[in-house]
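Right, one structure below, let's go through it.
The values are calculated or read from the model by the stated rules, or taken from the named source; none is laboratory data. These figures come from a predicted structure and were not determined experimentally. So basically every Cβ, Gly included, is an ideal-geometry build from the backbone, and we count neighbours across all protein chains shown.
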Amino acid sequence: MSDTTAQQAEPKSLFAEHEKIHPLKVSGLFRKIKWFFLVNMLAAYYIAPFLRWDRGLDAPNQMILFDIPHRRFYFGPIEIWPQEVYYFTGILMVASLLLFLTTAVAGRVWCGWWCPQTIWTDVFITIERWIEGDRRARIALDKAPMSLGKFTKRFIKHSAWMVISWWTGGALVLYFADAFELVRGLTNDVAIFFTKILTLQLPSAPENLVAWIWISIFAGTTYLMAGIAREQVCIYMCPWPRIQAALTDTEALNVTYRYDRGEPRYSIKKSVKLAAAGQAAGDCIDCYQCVWVCPTGTDIRLGMQLSCINCGLCIDACDNIMAKVGRPDKLIAFDTDLNIERRMKGEKNSFKPVRPRTLIYLFAMLISIVLMGWSLATRAITGINVLHDRNPLYVEEGDGSLRNGYTIRLLNMVRKKRSFTLDVTGPQGAFISKVSEGVFLFKKSDSGSFIVEIGPDTTRELRVLVILPASSTIPKSEPLLFTAKDTETGEQLSRSDFFKGPGK
Amino acid sequence: MEHKEIDHITGTETTGHAWDGDLKELNTPLPGWWVWIFWITIVWGIAYSFVYPHWVIGTKVLPTVFDWSSRGDVHKALDAAKTTMAPQFAKLEKASLADLRSDAALSKFADKAGEAVYGDNCVACHGTGANGVFSGSGYPNLTDNDWLYGGKLEDIVETVRVGIRSGHEDERTNTMAAYGDDKTLNADQIKNVAGYVLSFSGNSLAGADIAKGKQIYLEEAACNACHGDDGKGVSEIPGAPNLADKIWLFGGSAEKIITSITHGRKGVMPAWDARLTPAQIKAVAVYVHSRGGGK
């Protein structure tokens with residue numbers, strides 16, 4: 001392009017004004033699928049924090065609980081300590097691979113059916129439809145000047161949205177504290193607030209202030225994302241539409257307009273006339289139903305695109321129209337561009353869900369699950385950590401023997417009191433001379449090993465002294481191994497360290 | 001230089017610089033919201049400097065709006081910590097030393113509290129590791145098993161309470177005479193006795209007559225009265241070091257030993273009963289005892 005053409009070009013803005021999307025109501029198979037997931041997933045989200053799980057008296061009985069103050073995470077029978085948060089990484093890995101797999105098989109069904117953004121947007125749109133009417137009524141209402149009726153509708157709609165947003169955040173905080181207690185606490189806060197207001201007093205800060213703050217944050221984001229931003233989150237904010245291009249291929253099913261059948265598109269009358277004259281006329285009657293029902297305003301007839309969340313509502317819309325005009329259904333369907341090309345060449349349809357890509361995803365996922373399960377099933381329910389004294393590294397006793405001090409922390413992740421014997425192997429002759437907490441000394445068993453008791457679900461820090469009697473060889477640094485052994489089960493844990501000396 | 005060139009597509013002024021012939025940089029103004037935040041932060045900063053202590057006039061700091069200071073915060077935190085720990089300190093105050101030996105939780109608390117007391121009061125002389133500032137410095141190593149005034153918990157509590165040559169009425173004290181300064185022994189005699197002392201731990205001193213040294217040790221100077229015939233000390237006389245082991249408070253070289261005999265030694269440790277509460281003294285004794293040398 002030369003300078004002159006660039007300068008003569010019409011000045012135009014690079015900014016595209018947002019056009020409000022007013023999705024039309026639709027019924028059909030995919031709408032049913034979406035309702036199914038919406039109802040079940042929301043039910044799970046709201047009910048889960050209230051489910052109980054008996055862990056004994058000294059532990060919370062909530063099935064799923066992120067106990068941040070006590071650094072414990074509970075999932076039914078599984079209890080995760082902070083040093084084990086890599087299990088979360090594992091869960092995320094399996095989830096990602098499952099996402100890759102579904103995308104490679106059937107496109108972005110996650111976006112269309114399961115994504116929280118989609119589910120909450122669906123709820124918000126449904127409420128909007130109840131209050132303001134369907135697509136036409138909403139467009140008309142948008143254009144209408146402000147009136148009492150319009151204001152009332154808008155007010156009711158936004159209030160309903162806010163209530164749902166509040167409950168969204170309200171349910172999320174229940175995963176971080178005892179659900180029943182928190183609900184009681186929040187109810188109490190509300191009661192106090194209104195009592196103060198009604199008695200003309202200044203309301204004080206609520207008791208569950210932190211919970212209120214988090215609820216406000218989540219309520220705010222829900223209202224903003226599902227109420228105001230909606231499809232813009234999918235199109236402009238979400239990285240997934242960008243990533244999916246790398247995860248899908250020509251064999252992946254996607255919501256596809258079968259242009260081999262639909263084109264060229266004409267109105268019904270014209271297409272009938274042209275067909276009678278023996279000219280080409282496609283099945284698409286250009287009724288725009290597929291665009292109007294789309295929650296992101298996508299015209300699927302332009303082909304697969306970033307804004308399509310693969311929910312299938314356009315398939316329902318098109319099938320309904322095709323039934324009315326007496327043409328075969330599935331003009332829009334889960335299909336591949338490859339199949340369209342095949343049909344145009346007169347070849348047969350084919351769908352290969354089993355191919356190297358899906359197999360790799362499947363195996364990677366299975367391997368992750370097996371590794372996670374295996375490490376969880378065999379994870380240490382006991383731990384031993386050893387910290388050598390920094391200063392002094394060693395102590396020379398009056399009789400020429402050497403002494404090293406260690407801080408040993410034993411972990412007992414089991415909900416019962418256990419006892420361990422503590423032994424050391426290291427330089428010839430080295431032995432544990434004392435195990436203590438301050439001046440409280442632990443005693444030796446008959447076999448000569450020190451015995452340490454640890455309460456349920458806790459850790460115990462011990463001071464351990466190891467003595468190497470005077471001998472001809474004075475170590476500079478010798479390896480040393482501490483071994484703790486459960487006196488009941490025989491479970492054994494070791495941790496290596498060093499025995500330090502002046503060397504000679 | 002007044003230059004104005006408007007870019008057609010964006011409608012924004014360019015900087016006027018051109019690269020590669022026709023590549024021009026837009027002089028896009030800062031967004032309004034950014035400029036607003038910039039001004040607000042300046043206003044905020046000025047207000048902030050008055051709200052929180054900042055302005056010094058002479059030697060006075062302007063009073064603060066919310067009566068806040070970081071020092072005040074520290075005091076509040078310390079008071080809160082004191083309140084939290086008060087029940088445990090009260091328990092420690094009442095506890096006998098036998099209680100400490102049998103109550104693991106209380107002993108643990110005493111150990112940790114003692115670590116804090118030690119860090120605030122004892123580190124300067126005994127070192128962060130409780131092993132003396134350096135070997136032979138005269139500041140005793142508290143981690144080894146050699147104790148001049150006893151290594152039992154009871155002994156340590158008492159030593160911390162009354163100190164050594166501290167002037168406290170119950171002070172722990174004894175005297176290592178200055179044999180050279182007092183002219184009790186001459187230089188040769190001191191050398192001989194030093195050679196004899198070194199022989200207890202299997203060492204020797206060139207030019208020292210051990211037989212003469214032994215005679216001085218047992219008779220003329222009567223070192224054995226405090227240090228024992230075999231140099232291992234006399235249990236009835238606390239404070240007299242064992243000369244036969246490998247631990248030397250003031251250094252174990254011949255030179256250091258001769259210095260000790262010539263000038264005497266009078267190490268001092270202050271009494272802590274006026275500065276520490278009985279609970280703190282118990283706590284620091286537990287900490288020192290559990291370093292490893294405690295008996």
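Is one or more of the residues making up the range A:141-162 of a type in the set (D, E), farther than 30 Å from A:K25 by Cβ and part of a helix (DSSP H, G or I)? No, that holds for no residue. Reported count of residues in the range A:275-300, each being of a type outside the set (A, V, I, L, M), part of a helix (DSSP H, G or I) and more than 19 Å from A:C234 (Cβ to Cβ), is 1. Within the range B:109-132, the set of residues being buried (at least 16 other Cβ atoms within 10 Å of the Cβ) and either more than 11 Å from every other protein chain (Cβ to nearest Cβ) or in a loop (DSSP other than H, G, I, E, B) (or both) comprises B:V117, B:Y118, B:N121, B:C122, B:C125, B:H126, B:G127, B:G129, B:A130, B:N131, B:G132.
Is it the case that some residue within the range A:62-80 is aliphatic (A, V, I, L, M), more than 17 Å from the chain's Cα centre (by Cα), part of a loop (DSSP other than H, G, I, E, B) and not assigned by TED's automatic domain parsing to the domain that holds A:A333? Checked against the condition, which is being aliphatic (A, V, I, L, M), more than 17 Å from the chain's Cα centre (by Cα), part of a loop (DSSP other than H, G, I, E, B) and not assigned by TED's automatic domain parsing to the domain that holds A:A333, the range A:62-80 yields at least one hit.
Taken together, the criteria place B:D146 among residues that are at pLDDT below 90 and facing another protein chain (nearest Cβ under 8 Å). No other residue among B:A47, B:A105 is loosely packed, with under 13 Cβ neighbours inside 10 Å and either within 30 Å of B:K4 (Cβ to Cβ) or within 14 Å of chain A (Cβ to nearest Cβ) (or both) apart from B:A105.
What tally of residues in the range A:396-425 results from selecting those that are on the phi < 0 side of the Ramachandran plot, outside any strand (DSSP E or B) and not basic (K, R)? The total comes to 6.
Do you know which residues across the range A:21-61 are assigned to a loop (DSSP other than H, G, I, E, B) and of a type in the set (S, T, Y)? Listed by number, the list holds a single entry, A:S27.
Listed here are the residues, each with its yes/no results for (1) under 23 Å from B:V268 (Cβ atoms); (2) of a type in the set (S, T, N, Q).
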residue: B:N141; (1), (2): yes, yes
residue: B:R161; (1), (2): yes, no
residue: B:M176; (1), (2): yes, no
residue: B:G180; (1), (2): yes, no
residue: B:S201; (1), (2): no, yes
residue: B:G207; (1), (2): no, no
residue: B:G231; (1), (2): no, no
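Yes or no, residue by residue, for (1) within 13 Å of another protein chain (Cβ to nearest Cβ); (2) surrounded by 20 or more Cβ atoms within 10 Å (Cβ to Cβ); (3) farther than 30 Å from A:P77 by Cα:
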{"site": "A:D389", "(1), (2), (3)": "yes, yes, yes"}
{"site": "A:V395", "(1), (2), (3)": "yes, yes, yes"}
{"site": "A:T407", "(1), (2), (3)": "yes, no, yes"}
{"site": "A:K417", "(1), (2), (3)": "no, no, no"}
{"site": "A:G426", "(1), (2), (3)": "no, yes, yes"}
{"site": "A:F440", "(1), (2), (3)": "yes, yes, yes"}
{"site": "A:S445", "(1), (2), (3)": "no, no, yes"}
{"site": "A:V464", "(1), (2), (3)": "yes, yes, yes"}
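Would a scan of the range A:105-126 turn up a residue that is over 22 Å from the mean Cα position of the chain (by Cα) and in a helix (DSSP H, G or I)? Checking the range A:105-126: at least one residue is over 22 Å from the mean Cα position of the chain (by Cα) and in a helix (DSSP H, G or I). B:D103 satisfies every condition listed in (1) of a type outside the set (G, A, S); (2) at pLDDT 95 or above; (3) more than 24 Å from the chain's Cα centre (by Cα) except (2). Among the residues of the range B:238-279, just one is assigned to a helix (DSSP H, G or I) and within 14 Å of chain A (Cβ to nearest Cβ), namely B:A279.
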